[in-house]
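*Asks:* Before I ask anything, here is the structure I am working with.
Values quoted throughout were computed directly from the atomic coordinates according to the rules given, and no laboratory measurement underlies them. For clarity, every value in this text was computed on a predicted model and none was experimentally measured. Here the Cβ positions follow ideal geometry from the backbone for every residue, glycine too, while neighbour counts run over all protein chains shown.
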Amino acid sequence: MPDTPVPRACAPPLHAPSPPAGPRPRLKGRVRPEAFGGLLFCVEPVRILTLNPTAYRIAALLAEGHAPATIVAALAETFRQPLAVIATDVEAFLATLAAQDLLDRSPD
């Protein structure tokens with residue numbers, strides 16, 4: 001399985017990407033903290049992913065119902081990085097989850 005992306009400490013793009021339109025993404029599965037970061041367990045489709053600490057934090061906040069913009073703000077404060085850098089990395093991680101059918105974007 002591919003590794004999950006880690007936020008980069010690089011120059012920010014000129015502007016932050018726009019949040020995806022439509023319903024707030026929801027994680028299909030549960031997360032559990034581990035010494036190395038965490039695990040994501042999903043029943044449908046059957047998946048177990050190992051997550052580094054940053055990916056675990058994103059997944060945990062997503063599982064709690066936080067919107068991507070809120071997750072970006074929390075991580076930007078934690079890592080003291082520009083919002084644009086964090087937004088790019090969060091969107092990349094969400095795209096990775098979506099590509100593996102681990103996000104639900106259907107309305108409630």
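*Asks:* Beyond 15 Å, what percent of the Cα pairs of the range 27-101 remain?
*Replies:* The calculated P(r) of the range 27-101 puts 53 percent of pairs beyond 15 Å.
*Asks:* Given charges of +1 on the Cβ of Lys and Arg and -1 on the Cβ of Asp and Glu, with all other atoms neutral, how large is the dipole of the range 27-101 about its Cα centre, in debye to the nearest 20?
*Replies:* 140
*Asks:* Equivalent ellipsoid semi-axes for the range 33-76, as square roots of 5 times the alpha carbon gyration tensor eigenvalues: give them largest first, rounded to whole Å. Please report the intermediate quantities before stating the final value.
*Replies:* Numbers: eigenvalues 76, 37, 9 Å².
In descending order the semi-axes read 20, 14, 7 Å.
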